[in-house]
1. For a quick check, take a GNM of the chain with Cα springs below 10 Å and name the residue from 137, 163, 117 with the largest mean-square fluctuation.
2. Amide H of residue 82 versus every other amide H placed in the peptide plane: which residues, excluding those fewer than 5 positions away on the same chain, fall under 5 Å?
3. Cut-off under 29 Å on the C-alpha distance; same-chain residues fewer than 8 positions from residue 164 excluded. Which lysines are left, in chain and number order?
4. Would you calculate, for the chain, the mean residue ellipticity at 222 nm contributed by helices, counting each DSSP H stretch of 4 or more residues as -39,500 (n - 2.57) and dividing by all residues, to the nearest 500?
5. Leaving out ligands, DNA and RNA, what percent of the accessible area of the chain is carbon and sulfur, probe 1.4 Å?
6. Say a site is exposed when it is one of the trypsin sites (Lys or Arg not before Pro), sits in a DSSP loop, and has at most 11 other Cβ atoms within 10 Å; what is then the longest site-free stretch of the chain?
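The values are calculated or read from the model by the stated rules, or taken from the named source; none is laboratory data. Since the structure is predicted, the reported quantities are computational estimates derived from the model, not experimental observations. In this analysis, Cβ positions are derived from the backbone assuming ideal geometry, glycine residues included, and neighbour counts consider all displayed protein chains. To get the accessible areas, we keep the full protein, side chains included, count just its heavy atoms, and leave off ligands, DNA and RNA. Shrake-Rupley method; radii C 1.70, N 1.55, O 1.52, S 1.80 Å.
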Amino acid sequence: MQDLIAKAATLLEALPYIQKFSGATFVVKYGGSFMDSPNPAVRNGVARDIVFLEAVEIDPVVVHGGGKAITRAMEKAGLKADFIQRQRVTDEATVQIVDEVLSREINPEVVATIQSLGGQAVGFAGTDIFKCRKLWLDDKENPGRKIDIGYVGEVVEVNTAPLKECIWSGFTPVISPTARGEDGKIYNCNA
């Protein structure tokens, strides 16, 4: 009974915010650290919050991560993960793994988790939603020089039409953090 009373109190406290943001769109990052937790309550916590936002007529748009899963898939393929300034160095072999893991493994899992909790979700590969430019890092040891970290991009354009259509139809868009570069190739982007 105490648990129910506490939940009711929380909802009453949140009511002004629910009223204020009803009909608004929230972009939510569903981080890889939540997805990698061995505790199902932690893994499902963000998904449950997304379903709650849907229920109170706030429109979430989810962009998920998956860095640890990418690293595991790279190791399985015999590749070593390398990072510079917290950015994954992404060569051609790595970007194929990134796309596979994020868009074809993790994305459907996130969608299924939201749906298992009573929500409505549709998955999108980031390459269908995001356009990017190649990301170059500043070389801190050699000012004025840039470091090439491969197929890593910075989002510069978002195709909002399919996202709006999804929201208008009552579904939450779930997007992987990949993008299509100016050269037409797939790029890894930070969620």
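1. Maximum fluctuation in the GNM of the chain, among the listed residues, is at 137.
2. Amide H to amide H, under 5 Å and 5 or more residues apart or across chains, residue 82 pairs with 89.
3. Partners within reach: 20, 29, 131, 134, 185.
4. Roughly -12000 deg cm²/dmol at 222 nm, from the helical runs in the chain.
5. Solvent-exposed carbon and sulfur of the chain make up 54 percent of the total.
6. The reported range is 1-79.
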